[in-house]
1. Within the stretch 48-104, track down each residue that is of a type in the set (S, T, N, Q), within 19 Å of I191 (Cα to Cα) and surrounded by fewer than 19 Cβ atoms within 10 Å (Cβ to Cβ).
2. Looking at L95 and the list (1) in a strand (DSSP E or B); (2) among the aliphatic types (A, V, I, L, M); (3) in contact (Cβ under 8 Å) with a residue 24 or more places away in the chain, which single condition is not satisfied?
3. Here is a list: P21, P8, P107. Which entry is surrounded by 14 or more Cβ atoms within 10 Å (Cβ to Cβ), under 28 Å from S239 (Cβ atoms) and at pLDDT below 95?
4. Those residues that are in contact (Cβ under 8 Å) with a residue 24 or more places away in the chain and touching a strand residue (DSSP E or B) at 6+ places or on another chain (Cβ under 8 Å), I need them from the stretch 230-252; list them, please.
5. Return yes when L271 is more than 22 Å from N183 (Cα to Cα), at pLDDT 95 or above, surrounded by fewer than 17 Cβ atoms within 10 Å (Cβ to Cβ) and in contact with a Lys or Arg (Cβ under 7 Å, 6 or more places away or on another chain) and no when it is not.
6. Consider E214 carefully, then state whether it is in a helix (DSSP H, G or I), in contact with a Pro (Cβ under 8 Å, 6 or more places away or on another chain) and assigned by TED's automatic domain parsing to the domain that holds P51.
Amino acid sequence: MSIPGYRPKLIATDLDGTIVPHYTGVSDRTIAAFTKARDLGVEIFFVTGRPPRWMPEIRDAFGFGSAICANGAMVYDLMKNEVLEEFNISVAVQLEVVAKLREVIPPISFAIEYGDEFHHESKYVPRWDIGVDMQPVERIEDRCIRPAFKMLARCSDYELSSDEMLAIAEREVGHLATITHSNGSEALLEISALGVSKGETLAKMAARLGITAEDVVSFGDNPNDFSMLQWAERSWAMSDGHADAPLHAKFVADPCEADGVAAVIEQLLELPPRS
């Protein structure tokens, strides 16, 4: 496939399922491709649903780059391990979202993140943060005590899929918060402040650098990536990602496990720079 245009000035990529395979670390080929881009003056943004506490492996693997965490809710200095900006959900909105979702999805359970803290209900079964919260609560309302960068809602018994939960949540609370998900098989929603998304925050960061969507490329695989796939002038959905991802991107990349992003970047760097 021939890629149109000029060499990008900014590359934005999701992590898990896009450049980080589900069962192994980042490949040498991927690291080499991003390193060459950086050396040619291309801005690198790792744009992820992960909280900062999950970023050390990315810092150690690459040793450079900027980061947008928590689906756009945090601008994060990857090298200094410092949150630069946060876009939080107010306590009032947290409580309203929880109340409304309990009504329409009875088996739902919740977790919440603020600062370095992760809290979850006893019914909520964490899959990655086991041990972080040593005192789960019966009702998350007891932990809705300060603005939060992210809430999570899960059907631990898998009565509904993530896509089914998302459709219900967008209808019922989409006017209160941004609802998305990053894993179709987890029955898990990710909730941010209204208007906060990967694409929105990426656009803000690019504008501060004097870079427009025309000179940005983005990569992603799941609904939480759709906003940045739509915004960037050139974007690639992973072929092994969510079935709807190609509807939001301009192109499709080979699977994560096949270094699909690295293969595209290698071609992008062969393009001439914009004069």
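The values are calculated or read from the model by the stated rules, or taken from the named source; none is laboratory data. The structure displayed is predicted, hence computed values, not measured ones. We place every Cβ from the backbone using ideal geometry, glycine too, and count neighbours over all the protein chains shown.
1. If the condition is that a residue be of a type in the set (S, T, N, Q), within 19 Å of I191 (Cα to Cα) and surrounded by fewer than 19 Cβ atoms within 10 Å (Cβ to Cβ), then S90 is the only one that fits.
2. For L95, the exception is condition (1).
3. P21
4. Once the filter is applied, which keeps residues that are in contact (Cβ under 8 Å) with a residue 24 or more places away in the chain and touching a strand residue (DSSP E or B) at 6+ places or on another chain (Cβ under 8 Å), the stretch 230-252 yields W231, A232, E233, R234, W236, M238, G241, A245, A249, F251.
5. Considered against the rule, which asks whether it is more than 22 Å from N183 (Cα to Cα), at pLDDT 95 or above, surrounded by fewer than 17 Cβ atoms within 10 Å (Cβ to Cβ) and in contact with a Lys or Arg (Cβ under 7 Å, 6 or more places away or on another chain), L271 comes out as yes.
6. Against the criterion (in a helix (DSSP H, G or I), in contact with a Pro (Cβ under 8 Å, 6 or more places away or on another chain) and assigned by TED's automatic domain parsing to the domain that holds P51), E214 does not qualify.
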